[in-house]
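Read the structure below first, then the notes.
The values are calculated or read from the model by the stated rules, or taken from the named source; none is laboratory data. Remember, predicted model here, so these are calculated numbers, not experimental data. Methodologically, a virtual Cβ is constructed for each residue, glycine included, from the backbone with ideal geometry; neighbour enumeration extends over all protein chains shown. These accessible areas exclude ligands, DNA and RNA; they are computed on the full protein's heavy atoms, side chains included. Shrake-Rupley method; radii C 1.70, N 1.55, O 1.52, S 1.80 Å.
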Amino acid sequence: MKIRFTIFNQAELKVMSAEEFDNNGEVVYGYFEISFGEHAEGQYYDFDISEELVGGEALEYWFSSLLEALHLFQNKKTNYVAFRVIEYVDRWIEIKKICDKVCINIANASDPRESAALLLTSQLYNPVYEPPLDTMENYDFFYQEIIRATTDFLNKMNGINPELMKTQEFVCLSNYLHDLEHKW
């Protein structure tokens, strides 16, 4: 598994105060890609491309969803999570922890209206899976990659504007990360 991302609007983020970020409901957008097995979900480019040409992702959503999945797995609260791929109503990443492995699938809900309000730990009802099916990853590697990518994201944001580390979004991510690092 590999996570790659790019942060958009760095010049704007650089001059923004934490209060302005929180009060305006700002979101850090960028490219985000998670690849596992032969599948890649999201988008990432190894070359410069104008931000206006391709839509971006809310990066905090991806990182918080992945950290919450780790938190649930580490605390043995569940062995199953599914979170929605942002730009789709009916597309989900489904992750099952099986001993020292995780099984990852891309699932499309058979009825998007039924899946719209699902919780992270809710089973998808009658999903349609996309190949490749049942990609197995080592849990330790899965865990470490999420920690590495989140740490990298927070470090890059701190480099862009340390003031933003005081926002609700980044305090929450930092707390999740801190909690997980100390349970490993």
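Tabulated values for the structure
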| read-out | value |
| --- | --- |
| Conditions (1) touching a residue at least 60 places away in the same chain (Cβ under 8 Å); (2) closer than 22 Å to T151 by Cα; number of the one not met by D46 | (1) |
| Segment 9-18: number of residues that are surrounded by fewer than 17 Cβ atoms within 10 Å (Cβ to Cβ) and not hydroxyl-bearing (S, T, Y) | 6 |
| Lone unmet requirement of (1) open to solvent by 10 Å² or more (accessible area, probe 1.4 Å); (2) in contact with a Phe, Trp or Tyr (Cβ under 7 Å, 6 or more places away or on another chain) for R91 | (2) |
| Pair list, Cβ < 6 Å and 6+ apart or interchain, from segment 104-115 residues that are open to solvent by less than 50 Å² (accessible area, probe 1.4 Å) to residues that are of a type in the set (S, T, Y) and modelled with pLDDT of 60 or more | I104/T135; N105/Y129; A107/Y129 |
| Residue list for segment 116-155, filter: modelled with pLDDT of 95 or more and among the small types (G, A, S) | A149 |
| Pick from segment 19-43, criterion within 17 Å of L173 (Cβ to Cβ) and surrounded by 19 or more Cβ atoms within 10 Å (Cβ to Cβ), ranking: farthest from the chain's Cα centre (by Cα) | F21 |
| Long-range neighbours under 9 Å by Cβ, at least six apart or interchain, first residue closer than 18 Å to A69 by Cβ and in contact (Cβ under 8 Å) with a residue 12 or more places away in the chain within segment 122-138, second loosely packed, with under 13 Cβ neighbours inside 10 Å and not hydroxyl-bearing (S, T, Y) | T135/E38; M136/I98; N138/D100 |
| Yes/no for N161 being at pLDDT 90 or above, open to solvent by 90 Å² or more (accessible area, probe 1.4 Å), more than 18 Å from G37 (Cβ to Cβ) and of a type in the set (S, T, N, Q) | no |
| F141, sole failed condition from (1) out of contact with any Asp or Glu (no Cβ under 6 Å at 6 or more places or on another chain); (2) over 20 Å from A40 (Cβ atoms) | (2) |
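Here is a yes/no grid of residues against (1) touching an Asp or Glu at 6+ places or on another chain (Cβ under 8 Å); (2) free of Cβ contacts under 8 Å to residues at least 12 places away in the same chain; (3) surrounded by 15 or more Cβ atoms within 10 Å (Cβ to Cβ):
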site	(1), (2), (3)
A58	no, no, yes
L72	no, no, yes
K77	no, no, no
Y80	yes, no, yes
D100	yes, no, no
